[in-house]
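Everything on this sheet refers to the single structure shown next.
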């Protein structure tokens with residue numbers, strides 16, 4: 001089956017139509033409510049890395065520069081605060 005959105009995939013899996021590979025951040029609520037579960041797979045080769053991207057010779061506005069500085073300085077605290085829930089699964 002081919003579906004065009006993560007939400008459609010989640011609903012199909014919840015309805016019992018199969019299983020899927022999805023980013024954990026996209027199924028947080030379903031995991032917390034017990035609608036979905038993670039099937040552990042050893043040596044799973046797919047990993048995800050998030051990046052901030054911008055145009056090559058971009059001149060940042062003061063707000064954009066402050067945001068980038070904040071992210072660089074606080075990224076570990078943000079990861080801990082916003083994504084520690086992931087360790088439960």
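The values are calculated or read from the model by the stated rules, or taken from the named source; none is laboratory data. This is a predicted model, so every value here is computed, not measured. Quick reminder, even Gly has a Cβ in these numbers, built from the backbone with ideal geometry, and neighbours come from all protein chains shown.
Here are a few things to note about the model shown:
- Candidate set: region 59-89, residues that are loosely packed, with under 11 Cβ neighbours inside 10 Å and within 29 Å of residue 31 (Cβ to Cβ); chosen: the one modelled with the highest pLDDT: 77
- Count of residues meeting criterion [more than 18 Å from residue 88 (Cβ to Cβ) and surrounded by 10 or more Cβ atoms within 10 Å (Cβ to Cβ)] in region 20-57: 1
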